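Reading through the structure tokens given below for one structure.
The values are calculated or read from the model by the stated rules, or taken from the named source; none is laboratory data. Computed from a predicted structure; not experimentally measured. Neighbour counts run over all protein chains shown; Cβ positions are idealised from the backbone, glycine included.
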Amino acid sequence: MKKFKERFDVFSDAVFAIILTIMVLDVPVEVLNGELNYMELAQNIGIYVVSFCFVANCWYKHALMFNEVDKVPHTVIILDFLLLLSVSLIPAFTKLMISDIAQGTVMLCGTAYLIVTILEVVIARAILPAKYQDAAQMKQVYTYIFGSAYLTNSALLVVFIALAYFRPYFGLVLFIIIPIRSFISNAGKQQNFNDISQLDSQGVSSFMKLSQSDKRRFLMILRRYIGQMRSPNLSRDDKNAAWTRFVNDVQRSFGISEEQASQWFHDATLEHKSYRDSQTQHETMAQRPYDRGTLQHGMPLPRHGRRNRQQRGRRH
């Protein structure tokens, strides 16, 4: 199943790469009587750039959704094929809109964008059980982080389609804004979701009970702590210091005790407890008095039995 997942990822990446290639090949560059219409060329390139942002954003969200998932349910595979089918229509609609910015062409692009957005939400919610044990709880977190953005984008797309029916050029403005806005905002939202997924079930439940402002503040503290823990060549002393700073921050901001924070971060707690135990053991060994025949920390002195036997042999 793991090999199938790898082939599935390769196939999806190849489809996205082909889509982007076809889009750039369809950008018309015409020279009439030795003259180039720069305004028309700039318009065509601008539409291509926006379409590129949309497809690249789809690939980015697709890669994050399927990251660290070893098994892909059959239902998700079918939904993903529908997603790839919808995204693959973007080059054709882009070419139509480049050739003629009219009512029908702009509305077709808007409809394709809306279908892709809906499929992304459905796939993301369907794939959560494969990534997290408490899928229902993580769906709440996913809705909190991504729900408003997807709802806003979907509403904008509906307005975009309706506006394109009456004013295609005005609809084109929204066509430009939505992909760029989504491309910029999704990276930070996905990072927030990944950070919250580091918490255990009790931590996620407690996080969801916080107010909106406290949630934003907690995410800032949490991201800073996780960023410090992921630093390369981090010693155990540095990890312990990062954990201590995190505990102090949540105590000061939310009144959360170290015991509560420890319950939220099971893995970090085990590492912190192991660090404390090793430090205590080290201090105990350092304070132990030296015994005869031992060196510091209870290490035995080397025996010289072989040399003594050799000396006794020479005497005889």
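Observations on the model:
- Qualifying residue in the range 113-124 (condition: surrounded by fewer than 17 Cβ atoms within 10 Å (Cβ to Cβ), at pLDDT below 75 and closer than 28 Å to Thr75 by Cβ): no
- Verdict on Asp238 being crowded, with 16+ Cβ neighbours inside 10 Å, modelled with pLDDT of 75 or more and part of a helix (DSSP H, G or I): no
- Look at the range 101-122: where a residue is aliphatic (A, V, I, L, M) and a partner is outside any helix (DSSP H, G or I), sitting 6+ places away or on another chain with Cβ atoms under 7 Å, you get Ala112/Leu89.
- Scanning the range 67-105 for residues that are among the polar types (S, T, N, Q) and farther than 14 Å from Ile19 by Cβ turns up Asn67, Thr75, Ser99, Gln103, Thr105.
- Residue identified as among the hydrophobic types (A, V, I, L, M, F, W, C), modelled with pLDDT under 75, assigned by TED's automatic domain parsing to the domain that holds Met65 and over 28 Å from Leu89 (Cβ atoms) among Met208, Met138: Met138
- Qualifying residue in the range 89-98 (condition: surrounded by 16 or more Cβ atoms within 10 Å (Cβ to Cβ), at pLDDT 85 or above and in the same structural domain as Gly171 (by TED's automatic domain parsing)): yes
- Screening the candidates Val55, Val49 for the property of being without any contact (Cβ under 8 Å) to a residue 60 or more places away in the chain, surrounded by fewer than 18 Cβ atoms within 10 Å (Cβ to Cβ) and of a type outside the set (Phe, Trp, Tyr) yields one hit, Val49.
- Remark: pairs (first residue in the range 242-259, in a helix (DSSP H, G or I); second residue surrounded by fewer than 19 Cβ atoms within 10 Å (Cβ to Cβ) and acidic (Asp, Glu); Cβ separation under 7 Å; 6+ apart in sequence or on different chains) = Val247/Glu258; Phe254/Asp214.
- Failed item in (1) within 23 Å of the chain's Cα centre (by Cα); (2) of a type in the set (Phe, Trp, Tyr); (3) closer than 20 Å to Ile177 by Cα, with Phe66 passing the rest: (3)
- Of all the criteria given as (1) of a type outside the set (A, V, I, L, M, F, W, C); (2) part of a helix (DSSP H, G or I); (3) at pLDDT below 75, the one not satisfied by Gln133 is (2).
- Inter-residue pairs, beta-carbon under 6 Å, first under 20 Å from Pro73 (Cβ atoms) and in the range 9-27, second assigned to a helix (DSSP H, G or I) and of a type in the set (A, V, I, L, M, F, W, C), 6+ apart: Val15/Leu84
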